[in-house]
1. Between TYR99 and ASN130, take the C-beta separation as r, use R0 = 25 Å, and let me know the FRET efficiency to the nearest 0.05.
2. With +1 assigned to the C-beta of every Lys and Arg and -1 to the C-beta of every Asp and Glu, and no other charges, what is the dipole magnitude of the chain about the Cα centre in debye, to the nearest 20?
3. Projected onto the charge dipole of the chain (+1 at Lys/Arg Cβ, -1 at Asp/Glu Cβ, origin at the Cα centre), which of ILE72, VAL41, VAL105 gives the Cα projection farthest towards the positive end?
4. Assuming 0.36 nm per residue, please report the length gained on full extension of the stretch ARG77 to LEU118 beyond their Cα-Cα distance.
5. Going toward the positive end of the dipole of the stretch 33-128, with +1 on Lys and Arg Cβ and -1 on Asp and Glu Cβ, which of SER94, VAL63, LEU114 do you reach last?
6. Relative contact order for the chain using alpha-carbon pairs under 8 Å, separation at least 6, rounded to a whole percent?
7. When a footprinting reagent is the concern and you count Cβ atoms within 10 Å, what order do TYR99, TYR26 take, fewest first?
8. How many angstrom separate the Cα center of the stretch 120-141 from the Cα center of the stretch 45-94?
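Computed from the coordinates by the stated procedures, all read-outs in this text should not be read as laboratory data. Since the model is a prediction, treat every value here as computed from it, not as a measurement. When we count neighbours, we look across all protein chains shown, and the Cβ atoms used for this are built from the backbone with ideal geometry, even at glycine.
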Amino acid sequence: MNETNKPRTSNAANADNDTGRSSVNYFEFREVCKAFDDRPVLNRVSFAVKRGETCVIMGRSGVGKSVSLKHIMGFLRADSGQVIVDGQDVTHFSEPQFYAIRRKVTMVFQSGALFDSLTVRDNIAFPIVNIRRRIHRQAGKRIGSRRCPG
Ligand SMILES: Nc1ncnc2c1ncn2[C@@H]1O[C@H](COP(=O)(O)OP(=O)(O)OP(=O)(O)O)[C@@H](O)[C@H]1O
Ligand SMILES: [Mg+2]
């Protein structure tokens, strides 16, 4: 994939902003390159997605769409260039630093990620409902049937 579009906002991502709260762009790629065994997949890819904006990456199979998303999640690392998420330059983030990013951003893998017996809504709700249930169970175990004082 060879995307030469420059970010749509000048000095767009405020990458120095650690909190990222005021960043205009939620995602930004700056001249990202990635090759596998010397076979280039991303060739100086630059783009920006503004906070609240919906963006679709289209292209033929094997062009590097999933590879791009995996850079945002920290599953793949760029050979060069910068990846910015919510105002933070995550290019050289450690694995523990990515934990916080993955609480804000997620991706659904193409295969093996969805329950085909469930609707899209129920698939999305699945982890939320199950985490709530687990928290509820744990709270029940810890608190038991103790009554409020007084
Ligand atoms: N971990 C990896 N090791 C080696 N090559 C890889 C790896 N991940 C991806 N590739 C290669 O990078 C290229 C881009 O793959 P990618 O999965 O991003 O394609 P895609 O655009 O998402 O395609 P599709 O539309 O089929 O999902 C492919 O040639 C793929 O074989
Ligand atoms: Mg893909």
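1. Here the calculated transfer efficiency is 0.85.
2. I would put it at about 1080 debye.
3. VAL105
4. The span from ARG77 to LEU118 would gain 11.4 nm if fully extended.
5. Looking along the dipole axis, the top candidate is VAL63.
6. Result for the chain is 22 percent.
7. TYR99, TYR26
8. That distance is 29 Å.
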